[in-house]
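The values are calculated or read from the model by the stated rules, or taken from the named source; none is laboratory data. Worth saying up front: this structure is predicted, and the values here are computed from it rather than measured. With ideal geometry, Cβ positions are generated from the backbone for all residues, glycine too; neighbour counts draw on all protein chains shown.
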Amino acid sequence: MNYFELFELPVSIQINKATLAQKYFDLQKKYHPDFFANGTEYEQQQALEISSRLNKALKTFKNEDLTIKYVLQLKGLLEEEEKYQLPPAFLMEMMELNEELSADSAKQLQELETGLYKEVAPIIENYNDATATTADLLTLKEYYFKKKYLQRILDRLEG
């Protein structure tokens, strides 16, 4: 059972936070291990596993980047620790930016990230699992890796 099925939600990139919180609360009331203290060992183990999955799912759904990653993995388009080949033009731009890291670089990186988001905003904001094309998903995948690359540079800049 995937996270969307667990939460009884349609596959989506943007999940309504209020709905998510309510579903999480309802599911925790139903499956929290404390409620199975007098249950069989099997029931206790099941409750513990479900509760753990609920926590992982919540963490994923609260973070758009993790949700994109999860959807791509569900679709078989992203593997854990995958070495994705970013476009050479993007890598050249990042190399130049890396060489000139300064106080203004964080702002420049955030502007780049905003520009990247604008390109995929329609896919993210209107994602429909039934109509999403492979091309849409591959565009999301490239966005995911570009954003991850930008974040590494930002982390280095701040560190």
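General observations
- Hey, residue 129 touching a Pro at 6+ places or on another chain (Cβ under 8 Å) and acidic (Asp, Glu) or not: yes
- All conditions in (1) surrounded by 16 or more Cβ atoms within 10 Å (Cβ to Cβ); (2) on the phi > 0 side of the Ramachandran plot hold for residue 58, with the sole exception of (2).
- Filtering the stretch 1-29 to residues that are among the acidic types (Asp, Glu) and part of a helix (DSSP H, G or I) leaves 5, 26.
- Some residue of the stretch 71-84 being in contact (Cβ under 8 Å) with a residue 40 or more places away in the chain, more than 20 Å from residue 4 (Cβ to Cβ) and charged (D, E, K, R): no
- Per-region count, the stretch 117-145, residues in a helix (DSSP H, G or I) and out of contact with any Phe, Trp or Tyr (no Cβ under 6 Å at 6 or more places or on another chain): 19
- Residues of the stretch 30-78 satisfying the condition of being outside any helix (DSSP H, G or I) and more than 30 Å from residue 135 (Cβ to Cβ): 32, 37, 38, 39, 40
- In the stretch 30-47, the residues that are within 23 Å of residue 8 (Cα to Cα) form Cβ pairs under 8 Å with partners that are surrounded by 10 or more Cβ atoms within 10 Å (Cβ to Cβ) and hydroxyl-bearing (Ser, Thr, Tyr), at six or more places apart or across chains, as follows: 31/51; 32/51; 33/51; 47/31.
- Among the residues of the stretch 18-46, those identified as hydrophobic (A, V, I, L, M, F, W, C) and either surrounded by fewer than 18 Cβ atoms within 10 Å (Cβ to Cβ) or modelled with pLDDT of 90 or more (or both) are 18, 20, 21, 25, 27, 35, 37.
- Flag for residue 113 being among the acidic types (Asp, Glu), modelled with pLDDT of 90 or more and assigned to a loop (DSSP other than H, G, I, E, B): no
- Count - residues of the stretch 64-110 that are out of contact with any helix residue (DSSP H, G or I) (no Cβ under 7 Å at 6 or more places or on another chain), more than 21 Å from residue 120 (Cβ to Cβ) and among the polar types (S, T, N, Q): 1
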